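Everything on this sheet refers to the single structure shown next.
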Amino acid sequence: MIATTTNGRKRDELQRIPGVGPSLADDLHELGIHTIRALAKKDPERLFAQLERKRSAKQDPCVLYVFRCAVYFARTPDPDLALLRWWRWKDLRLEDLETPSTESVAN
């Protein structure tokens, strides 16, 4: 959703997400995502694959990392500030955070 600021410039809701500027917001719009709420329901890996198919070209992997970070932000009411840095998502996937630990503590 696009809102108008007091100085008449348009500000995209998606740009409230850390790491998402005008270019990445445009990428998300191109994929049919216009709100943070809609983004929360998406899989970042699939979004990245969709973007590559749509563009018929390989995309910079950093776009995938931003998508991972953005979906984490959209899904998490109280996000860990350290995880709101897109580069932290290079080797981290949402599933890594969502999988409950199966280890038990021995008494």
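The values are calculated or read from the model by the stated rules, or taken from the named source; none is laboratory data. What you see is a predicted model, and the numbers here were worked out from it, not measured in a lab. Ideal geometry is used to build each Cβ from the backbone, glycine not excepted, and the neighbour counts take in all protein chains shown.
Among the listed residues 20, 66, identify the single one that is β-branched (Val, Ile, Thr), at pLDDT 95 or above and outside any helix (DSSP H, G or I). It is 20.
Screening the stretch 73-86 for residues that are surrounded by 11 or more Cβ atoms within 10 Å (Cβ to Cβ) and hydrophobic (A, V, I, L, M, F, W, C) and picking the one that is farthest from the chain's Cα centre (by Cα) gives 83.
The residues listed here are 58, 41; of these, the one that is modelled with pLDDT of 95 or more and more than 13 Å from the chain's Cα centre (by Cα) is 58. Exactly one residue among 106, 3 is assigned to a strand (DSSP E or B), modelled with pLDDT under 95 and of a type in the set (A, V, I, L, M, F, W, C), and that residue is 3.
For residue 34, the conditions (1) part of a helix (DSSP H, G or I); (2) out of contact with any Leu (no Cβ under 7 Å at 6 or more places or on another chain); (3) touching a residue at least 24 places away in the same chain (Cβ under 8 Å) are fulfilled apart from (1).
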